[in-house]
Each structure stands twice: as structure tokens, then as C-alpha cells.
Amino acid sequence: MLSKTDLKGLAFIRKTFRRTGEGPSMEEIRLELGFGSKQTAWLLVHRLAENELINYENGRITLLGNHAIEGEVTVAVPLLGSITAGLPSLAEERHEGVVRISTKLAKPGKKYFLLRADGDSMNKAGIEDGDLMLIRQEVTAKPGEIVVALIDDEATVKVFEREGAHYVLRPKSRNTKHKPILVHANLRIQGVFVTVIPDVLN
């Protein structure tokens, strides 16, 4: 069982990830929790790692997603914000945090990022408001795939389709207010949706 101090330490680690994209140092944990030594902070970190709430390796703390279990190979995937952030350039990598994802999901040879869904336009596809979406970075997509697309500088997550010379970004929602978006030009695919992952940053 984790103590209240352990849970407070975990909350501080997650807060630091959201703010900086990196885990805190042992000294930062010591100061935040009022410990007398870095050894006490180190013991707290190891308790969290033993409970598979974080990963601690080579002196570096990273967060673990629920898909990343003991014995699996994982990769660090950045959370780049919510889909309504505009995403003028994914290369800017303004991280809100980093989550360790199993390579069974984030397969080697491709780049991945995480986005937080905003709204209910894709809830029939299992993407609810606030969910963390694992996205494989791509510049093209097949009809029927769920994509992250930029229309001018507005970002959205929708089902990608083609109708003649035009593109259609179609919602998949129980809310009938959401309508398909017909795009004639200025459409840029940023990535293809892989899956929703448990949110370990809150």
C-alpha cells in the first residue's frame, strides 16, 4: 500500500511532467516533500516504480501508461496538448508530459505522439472528451482511417474519406450536431489514430 506521502510524491512527479516534459530530480522531490535527505526521495521513487506507477532507469524518471507492463519494451511518447491547440507544427514538441508506451502499440520505425481529445465528435469511435489518443505521425491516410488533420491552421480528429476530387472529414458521434466537413484544399494530414490510452498524467 502506498502512503499519503508516496501519493503526494506521485502527484508532484506528474505535475512536473505537465509543466516541463521531464521528471523532477531527487533534490526537487526532497524539497517539495520536505525530506531531510535525497535518500528518502530515492526510496519513494523506488516504491512508485515497484508499484508500476513510474519507471526509474539510469537515474531518470518517466511515467508509465497502463499498456506498459513489466517485461515489455516501451518508448517515450510526448503529449503535445489538446486537439484544439491548433498544432501549427508538431515538430515544436511543446510537451505537457511524456508517457511510456509499449512497442506493441507504438511500433518501432514510426514516430508517435499523444493528443487530448476535446469534444464528443468521435465518441461512437470510442474517443471520449478528455481521452488521450495515441497518434502515429503520417502525412497520408487511407479512406476510413481516423486522422488528425489540419485545415488551414485548425486541427481536428475525424474519419478521413474522399469523394471525387474532394476530401471529407466525417464525425462519428452520438451527438447529431456534428456534421461532415467538406475540404477542397489546404488539408494536411498530421497523423493516424491508433488507440486511446489510460490517462496517467492526471
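Some points to look at:
- Candidate set: the range 130-147, residues that are closer than 21 Å to residue 100 by Cα and touching a Phe, Trp or Tyr at 6+ places or on another chain (Cβ under 9 Å); chosen: the one surrounded by the fewest Cβ atoms within 10 Å (Cβ to Cβ): 137
Yes or no, residue by residue, for (1) among the aliphatic types (A, V, I, L, M); (2) under 20 Å from residue 128 (Cβ atoms); (3) in contact with a Ser or Thr (Cβ under 7 Å, 6 or more places away or on another chain):
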{"position": "161", "(1), (2), (3)": "no, no, no"}
{"position": "164", "(1), (2), (3)": "no, no, no"}
{"position": "168", "(1), (2), (3)": "yes, no, no"}
{"position": "171", "(1), (2), (3)": "no, yes, yes"}
{"position": "176", "(1), (2), (3)": "no, yes, no"}
{"position": "182", "(1), (2), (3)": "yes, no, no"}
{"position": "188", "(1), (2), (3)": "no, no, no"}
{"position": "191", "(1), (2), (3)": "no, yes, no"}
{"position": "197", "(1), (2), (3)": "yes, yes, no"}
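- So residue 108, is it part of a loop (DSSP other than H, G, I, E, B), modelled with pLDDT of 80 or more and of a type outside the set (Phe, Trp, Tyr): yes
- Scanning the range 50-72 for residues that are at pLDDT 75 or above and not hydrophobic (A, V, I, L, M, F, W, C) gives 50, 51, 52, 55, 56, 57, 58, 59, 60, 62.
- Only a single item in (1) out of contact with any Asp or Glu (no Cβ under 6 Å at 6 or more places or on another chain); (2) under 28 Å from residue 76 (Cα atoms); (3) at pLDDT below 90 is not met by residue 102, and it is number (1).
- All of (1) modelled with pLDDT under 90; (2) touching a Pro at 6+ places or on another chain (Cβ under 9 Å) hold for residue 32 with one exception: (1).
- Contacts under 7 angstrom Cβ, first residue in the range 96-112 being free of Cβ contacts under 8 Å to residues at least 60 places away in the same chain, partner part of a strand (DSSP E or B) and among the basic types (Lys, Arg), 6 or more apart: 110/136
- Residues of the range 148-183 that turn out to be in a strand (DSSP E or B), of a type in the set (Lys, Arg) and without any contact (Cβ under 8 Å) to a residue 24 or more places away in the chain, as a count: 2
- Verdict on residue 127 being surrounded by 21 or more Cβ atoms within 10 Å (Cβ to Cβ), at pLDDT below 90, under 27 Å from residue 179 (Cβ atoms) and touching a Leu at 6+ places or on another chain (Cβ under 6 Å): no
- Flag for residue 135 being over 14 Å from residue 81 (Cβ atoms) and not small (Gly, Ala, Ser): no
- On inspection, residue 158 does not qualify as charged (D, E, K, R), under 19 Å from the mean Cα position of the chain (by Cα), at pLDDT below 90 and farther than 27 Å from residue 12 by Cα.
The values are calculated or read from the model by the stated rules, or taken from the named source; none is laboratory data. Note that the coordinates shown come from a computational prediction; the quantities given were computed from them, not determined experimentally. Here Cβ is always computed from backbone atoms with ideal geometry, including for glycine, and neighbour counts include all displayed protein chains.
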